[in-house]
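Structure, as structure tokens:
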Amino acid sequence: PAAAVGTALTMASDGGAAAAADGSWTPFPDAELCTMPQIIFLTCMYCYILFQAANLLSDGSELLLLVPSLAPLVGSVVLPVLGAVPDGMMVLFSGLGPDAQNQISVGVGALAGSTVMLLTLPWFIAIVAGRVTLKGGVPSYKRPVGADPKTWDKLDPQSAWSLKGTGVGYADSIRAGGRMMLGTLIGYVIIQGAAFTVDKYEKPPSHAELVKEAKAENSWALIGLLVCTVEFLYYLQVCWSDANSSEGQVDDQIADANVQAMREGKLTLRGAMAKFRERNWATLCQKGDLEHVLLNKESMDEVRRMCKVLAPFFAYYDANGDNQIDFEEFRMIFKDVHENLSRDAQAQMFDAADTDRSGYISFEEFVACFMSFALDPCNDLKEHGEKRRYKANPKKYWDGEAGSNEGGEEEEEDEGEEEEDMPEDLADLEPEEQQKRIKRRAFIKMGMGLGLVLIFSDPTVDLLSEMGKRLDINPFYISFVLAPLASNASELVAAFNYAAKRTQKSMTTSLSTLEGAAVMNNTFCLGIFLALVYVKNLAWEFTAETLSIVIIQIFIGLLVIFRNVHSLLDGFLILSFYPLALVMVWFMENKLDLD
């Protein structure tokens, strides 16, 4: 976003000079001195910069998933927190100005818009992208026994847009996420309950009435802040426990990141196994016993994780699902993971793994062979390989279900993936150097993203507030629509990409990410909001907005708790709650005379 930053700062000269006369110079234009076209242009520019900042934060943190020592912490703590930072900073800066009581409505709009948008629009996109045919209300993720694999498809083209005949399914973890989301609404209940009992004034209240109301609500804001803090820490603890389980979603996310990085040439197999090599190489050198290394508990967990990483590559070439590959396919996998040996060395490794001399090796033999190779520090060459379009479901290999292709899932590999333009391919480097470069690149991206968020959140709040005044529209409505497009656009793309794989696992990942974002808004962002209310002695004048947020989350939460399948019709119903939330706020404010 360098060009956008330069353009935005170039327009600051007049406004900055005017502000300097008052002793409070700023490099940004004074929103009050800008014309309406300038306000619209700068708002679009700043939102674009915040969008890029959110992408930098996401890309940087996802790069750290490739660092084995940091991956569990990043996947369980860093990713959720950084995902909430743009919205949190919008809330924070909206309440720091001298007119905080009025301007904080921009922060409320960002919080409400982000929460409602994440639970409606991306949810609908995920259902559309990941829908399959429903047979008796059950998603067709597995090919029926006897069905022709050449003609069978998860989504029947003749009923692709059937409202009740297509849909998605997800694992029980989505229900647990729904319960967590509903549980974290307590912060809203505390502060809004206090507001209901205190706020008895006619609208609009006078300044003296606002001060009196704020004083009465102040202690409740502190209680709500403490509750949000406890809920926030508890949620991170749950995520951390999940990250340390080889069966958890975070572990799956780490494995997917490593697979994708190896396919794109950013990482080698030995780079992905850096933690395993570092932990066990000394033991192997001292005792010379690979079996002793692999049988301790920590190593077994690491082996299972590496099975998740290696399974997709094995699955590319196990075309008939019989859990066997031949030597030529074995060689192609070496190319795919960017770890190459000479043909003779590969043949020697293959022969050692092929104990029954059948000319084929199983997945178990394949994993043992590759992990032995990864512990060998003497092979540094890299060579590009081609990718296959179709792959069998890799989960069956590390679950021990290989050997039969009937009823198995098939996934279609993405075509035409655009590789990043990198100054130097990380896969050309030693594993240790790869890790250093990845960390450096990740921290640079995260630092740039965080810096842009901190710099541009405040002027964006000023512009949205001023736009509301000029248009005689509550800034809440403007912020509700525009702020999430800047801070949460990446979630839209991620929801689509995960769901498009059309497996129950990928759909679960897609929806759980959205639930997690809502939980972070209910804890991290609301906590910031309540801290402002407490410290700045603000009155809670957001009854309609609060009820809108709570009602939408209750609806989504109950929907996932009591059902494990969403039809396309459910998707359209969920989508309708996005505009309905705005209608609810307007109705409660203008017809029911609520705050």
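The values are calculated or read from the model by the stated rules, or taken from the named source; none is laboratory data. As the structure is a computational prediction, the values presented were derived from the model and not from experiment. All Cβ positions, glycine included, derive from the backbone under ideal geometry; neighbour counts span all protein chains shown. With ligands, DNA and RNA removed, areas are computed over all heavy atoms of the protein, side chains included. Shrake-Rupley method; radii C 1.70, N 1.55, O 1.52, S 1.80 Å.
I want the local charge near Gly193. Using Cβ-Cβ distances under 13 Å, sum +1 for each Lys or Arg and -1 for each Asp or Glu among the other residues. Charge balance near Gly193 sits at -2. Size descriptors for region 31-137, from the alpha-carbon set: Rg then Dmax equal 18.6, 62 Å. Volume per residue of the convex hull around the Cα atoms, evaluated for region 74-153, comes out as 143 Å³. Cross-link pairs exceeding 23 Å between alpha carbons, from the set Lys142/Lys266; Lys135/Lys501; Lys308/Lys335; Lys142/Lys505; Lys212/Lys469; Lys142/Lys501: Lys142/Lys266; Lys212/Lys469.
Near the amide H of Ile325, within less than 5 Å, lie the amide hydrogens of Ile361, all on another chain or at least 5 residues away, with H placed in the peptide plane. Residues in region 138-278 average 49 Å² of solvent-accessible surface per residue, probe 1.4 Å, ligands and nucleic acids excluded. The accessible surface of region 116-196, taken with every protein chain in place and a 1.4 Å probe, is 63 percent carbon and sulfur.
Need one number: nm distance between label points at Lys335 and Leu96, each 7 Å from Cα along Cα→Cβ, rounded to one decimal. Label-label distance for Lys335 and Leu96, simple model: 5.4 nm.
Here the simple spin-label model places points 7 Å from the Cα toward Cβ, and for Val230 and Val211 these points are separated by 3.4 nm.
Suppose R0 equals 35 Å; then what is the FRET efficiency for Thr35 and Phe587 from their Cβ-Cβ distance, rounded to the nearest 0.05? That pair, Thr35 with Phe587, gives E of 0.55. Annotation: amide H of Leu155 within the under-5 Å range of Thr133, sequence separation 5 or more or interchain, hydrogens built in the peptide plane. I need the shape label for region 504-595. Rule: rounded when a/c is under 1.5, else prolate if a/b > b/c, else oblate, with a, b, c from the alpha carbon gyration tensor. It comes out oblate by the Cα gyration axes. Residues in region 450-460 carry Karplus couplings, in order, of 5, x, 5, 4, 5, 6, 9, 5, 4, x, 5 Hz; the curve used is 6.51 cos²θ - 1.76 cosθ + 1.60 with θ = phi - 60°, and Gly or Pro positions show x. With the convex hull constructed from alpha-carbon coordinates only, region 106-212 shows a mean projected area of 11.2 nm² over all directions. Label-to-label distance, Lys200 versus Ile551, with points set 7 angstrom from Cα along the beta-carbon direction: 2.6 nm.
Using the Kirkwood radius over Cα pairs, work out the Stokes-Einstein diffusion coefficient for region 518-560 at 37 °C and 0.692 mPa s, in µm²/s as a whole number. D, rounded to a whole number, is 284 µm²/s. Rolling a 1.4 Å probe over the protein heavy atoms gives region 440-595 an accessible area of 37 Å² per residue. Taking amide H as placed 1.01 Å from N in the peptide plane, the amide H of Gly265 sits under 5 Å from none that are at least 5 places away or on another chain.
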